[in-house]
Amino acid sequence: MADHDPGAGVQFDSSASSLAADLADERLIRTQGLRGYGQLFWNRLRSGELGSLPVVLGLIVISIGFYSAEPRFLSSRSLVSISQFAAPIGIIALGIVLVLLLGEIDLSVGSVSGFTAAVMAVLMVEHGQSMFVAILAAMAVGVAIGVLYAVLYTKLGVPSFVFSLAGLLGFQGALLYVLGKNGTVNLPSDSFLVQFTRFEFLSPTMSYLLVALIGLAYAGSQLFTVRQRATAGLSTSPIALVLVKTGLLLAGLGLVTYYVNIDRGWSYLWLFFVLLVVLMDLALRRTRWGRHVFAVGGNEEAARRSGIKVNRIYFSVFALCSLLAAVGGLLAAGLQTSVSQASGTTDTNLTAIAAAVIGGTSLFGGRGSAYSAMLGIIVLQAIQTGLNLVGVDSSVRYMVTGAVLLLAVAIDSISRRIRSSSGRG
């Protein structure tokens, strides 16, 4: 019997060996070149990976509709006002995004924001504490509330819907108790919080410099990712695509910045909100903690079996949610120059939750991004501003907001079903 040569009949394709590791398997999607990238994007849409596309298209439709009815809707002053007044509730919505990623809910963020703002105002105005101490105390109260929620959830097994509903009622009562008989505490007009939220705007020169820095940072991060993947033997995005995306980003931001500078420019309040969103996005996408949040939201038991400290994730998320609610409440108080019995009540809870969902965060957990809070609150603030400009009654605003929220949840449910049928889960 002739000896068998293990190498006989085996032909090595040098071109195949030169392929990136993640493209060598024909079962994987190839994304070589701009055409491959476009094909990948189309395939993702067909399989239910819609991302932020629905909310972006919705915002375009809303803008065209209101501009047709009232051209002032897209004026420089209107855009500045939309961004400025969207920031406080947007920060609260950012905390809601974190909770929704775990498949949970917090119905008390509005009451928590009002209560912590009242704590700050009373300490500063009635007890003579410095604003710095009063703000730190209010934020500490927010963290303590989040830790309490985490204990109730992880140690006692109380559903998040139940303890947050109790918190909604309880902290609304605490707000009334802290404010006392007067019911309103006015903040000094020259205080840092009022000046920061109402009157501080970036100068035109600094705004254009910021746009350039954003473009450089984006291009640098993209090129760094390309280098990392190339070093690891993985496929990379075409350099031409990186340059095109950077150019579009710079052009878009530059144009919008030029337009808002016709009025007052970008407010510090809005820039602070954007900074929080960017930092939270980096934490969710680039850190172990962020990956664990998505893992727990996707399948808690699988995450626990893989060694993730699930309870720690719940503690961190609930604490961050309440902390962001406190920060949003403080900024809202500065914007309104006072804290009253109505602070954090009315529709603050529902607006924050609706913003997170409308922005693209799934109610089923495990899907969403920090940018969902930004996109969602812009949509809601744009609707409110547009309806006010055309003189529509406030009752219609609630109905329109409800309809938009229902549409967002329906799109999420449909895309989830498409992902499931296409094997993406």
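What is the distance, in nm, between label points placed 7 Å from the Cα along the Cα-to-Cβ direction at L249 and at A140?
Modelled inter-label distance: 3.9 nm.
Applying the Karplus parametrisation 6.51 cos²θ - 1.76 cosθ + 1.60 with θ = phi - 60° to the phi angles of the range 157-167, what ³J(HN,Hα) value in whole Hz is obtained for each residue in order, glycine and proline being reported as x?
The phi angles translate into x, 6, x, 4, 4, 6, 6, 6, 5, 5, x Hz.
What residues qualify as long-range amide H neighbours of T345, i.e. H under 5 Å apart, gap of 5 or more or another chain, H built at 1.01 Å from N?
Here the answer is none, since no amide H 5 or more places off falls under 5 Å of that of T345.
In a GNM of the chain with a 10 Å cut-off on Cα contacts, which of A354, A295, A217 has the highest mean-square fluctuation?
Top of the fluctuation ranking is A217.
For A217 and L169, FRET efficiency with R0 = 45 Å and r from the beta-carbon atoms, rounded to 0.05? Show your work: numbers first, answer last.
Numbers: r = 44 Å, r/R0 = 0.98.
Once rounded, the FRET efficiency stands at 0.55.
Which of R305, R264, R72 ends up with the largest GNM mean-square fluctuation for the chain, with Cα atoms connected below 10 Å?
The residue that fluctuates most here is R305.
Could you point to the label whose value was computed as Rg/Rh (Cα atoms, Kirkwood Rh) for the structure here, given (1) 1.04; (2) 0.97; (3) 1.32?
(1)
Once fully extended, how much extra length lies between V56 and D190, figured as 0.36 nm per residue of separation less the alpha-carbon to alpha-carbon distance?
So the extension gain works out to 44.4 nm.
Starting from the Cα of K155, step 7 Å along the direction of its Cβ; do the same at F132; then give the gap between the two resulting points in nm.
Going from the K155 label point to the F132 one covers 3.4 nm.
What is the helix-to-structure angle for 109-121, meaning the angle in degrees between its Cα long axis and the longest Cα principal axis of the chain, kept from 0 to 90 and rounded to the nearest 10?
With both axes taken from Cα atoms, the answer is about 50 degrees.
Can you give the relative contact order of the range 78-220 as a percent, counting alpha carbon pairs under 8 Å and 6+ residues apart? Write down the numbers at each step before the final one.
Values: 94 pairs, mean separation 41.5, N = 143.
Once divided by the residue count of the range 78-220, the mean separation gives 29 percent.
Counting only protein heavy atoms and a 1.4 Å probe, tell me what percentage of the chain's accessible area is made up of carbon and sulfur. Numbers along the way, then the final one.
Values: 13970 of 21840 Å².
So the carbon and sulfur contribution to the accessible surface is 64 percent.
What nm distance separates the two modelled labels at Y258 and V162, each placed 7 Å from Cα along Cα→Cβ?
5.9 nm
Quick one: what are the phi-derived ³J(HN,Hα) couplings along the range 102-107, Karplus 6.51/-1.76/1.60 with θ = phi - 60°, whole Hz, x for glycine and proline?
My calculation for the range 102-107 gives 8, x, 10, 8, 9, 8 Hz in order.
Only residues of the range 390-415 count here: report those whose backbone N is under 15 Å from the spot 7 Å along Cα→Cβ of L350, or say none.
394-407
With N set to the number of residues, divide the alpha-carbon radius of gyration of the range 282-328 by 2.2 N^0.38 Å and report two decimals. Show your work: numbers first, answer last.
On the way: Rg = 11.4 Å, N = 47, 2.2 N^0.38 = 9.5 Å.
The value comes to 1.20.
What is the extension gain from T337 to L279, computed as 0.36 nm multiplied by their sequence separation minus the C-alpha to C-alpha distance, in nm to one decimal? Could you put the intermediate results ahead of the total?
Working: separation 58, 0.36 × 58 = 20.88 nm, distance 2.77 nm.
Answer, rounded to one decimal: 18.1 nm.
So if the hydrodynamic radius of the range 363-415 is defined as the Kirkwood radius over C-alpha pairs, what does Stokes-Einstein give as its diffusion coefficient at 37 °C and 0.692 mPa s, in µm² per second? Don't jump to the answer; show the numbers that get you there.
Working: Rh = 12.4 Å.
Answer from the Stokes-Einstein relation: 266 µm²/s.
Using alpha carbons only, how many degrees (0 to 90, rounded to 10) separate the axis of helix 53-69 from the longest principal axis of the chain?
Tilt of helix 53-69: around 50 degrees.
Starting from the amide H of S338, placed 1.01 Å from N in the peptide plane, find each other amide H under 5 Å away whose residue is 5 or more places distant or on another chain.
Under 5 Å from the amide H of S338: L187.
With θ set to phi - 60° and the Karplus curve 6.51 cos²θ - 1.76 cosθ + 1.60, what are the ³J(HN,Hα) couplings of the range 248-256 in order, to the nearest whole Hz, using x for Gly and Pro?
Each residue's phi maps through the Karplus curve to give 5, 5, 4, 5, x, 5, x, 5, 5 Hz.
On a straight-distance basis, which lysines could pair with K155 in a cross-link, Cα separation under 20 angstrom, same-chain partners fewer than 8 positions away excluded?
K155 reaches K309.
To the nearest 0.05, what FRET efficiency results for L74 and Y177 with a Förster distance of 51 Å applied to their C-beta separation? Kindly include the intermediate steps, with their values, before the conclusion.
Details: r = 44 Å, r/R0 = 0.86.
With a Förster radius of 51 Å, E is 0.70.
I want the local charge near V317. Using Cβ-Cβ distances under 12 Å, sum +1 for each Lys or Arg and -1 for each Asp or Glu among the other residues. Provide the component values of the computation, followed by the final result.
Details: positive: R312; negative: E104, D106.
Net charge in that neighbourhood comes out at -1.
Give me the Kirkwood hydrodynamic radius of the range 247-309, using the inverse of the mean 1/r over all pairs of distinct Cα atoms, in Å to one decimal. Working shown, then result.
On the way: mean 1/r = 0.0686 Å⁻¹.
Result for the range 247-309, one decimal place: 14.6 Å.
What whole-number value in Å² describes the accessible area per residue of the chain for a 1.4 Å probe? Intermediate results must be reported in sequence, preceding the final value.
On the way: 21840 Å² over 425 residues.
That works out to 51 Å² for each residue.
In the chain, if the dipole is taken from +1 on Lys/Arg beta carbons and -1 on Asp/Glu beta carbons about the Cα centre, which of G298, L331, L213 is farthest to the positive end?
G298
Would you mind checking the tilt of helix 371-389 against the longest principal axis of the Cα atoms of the chain, expressed as 0 to 90 degrees and rounded to 10?
Helix 371-389 sits at roughly 50 degrees to that axis.
Please list, in chain and number order, the residues 5+ apart from F201 or on another chain whose amide H is under 5 Å from its amide H, with Hs placed from the backbone.
Y268
Give the relative contact order (percent, whole number) for the chain; include only Cα pairs under 8 Å separated by 6+ residues.
Values: 600 pairs, mean separation 140.7, N = 425.
Worked out over the chain, it gives 33 percent.
The values are calculated or read from the model by the stated rules, or taken from the named source; none is laboratory data. Note that this is a predicted model, so its numbers are computed, not measured. Cβ: placed from backbone, ideal geometry, glycine included. Neighbour counts: every protein chain shown. Note: accessible area is taken over every heavy atom of the protein model, side chains too, but ligands, DNA and RNA are not part of it. Shrake-Rupley method; radii C 1.70, N 1.55, O 1.52, S 1.80 Å.
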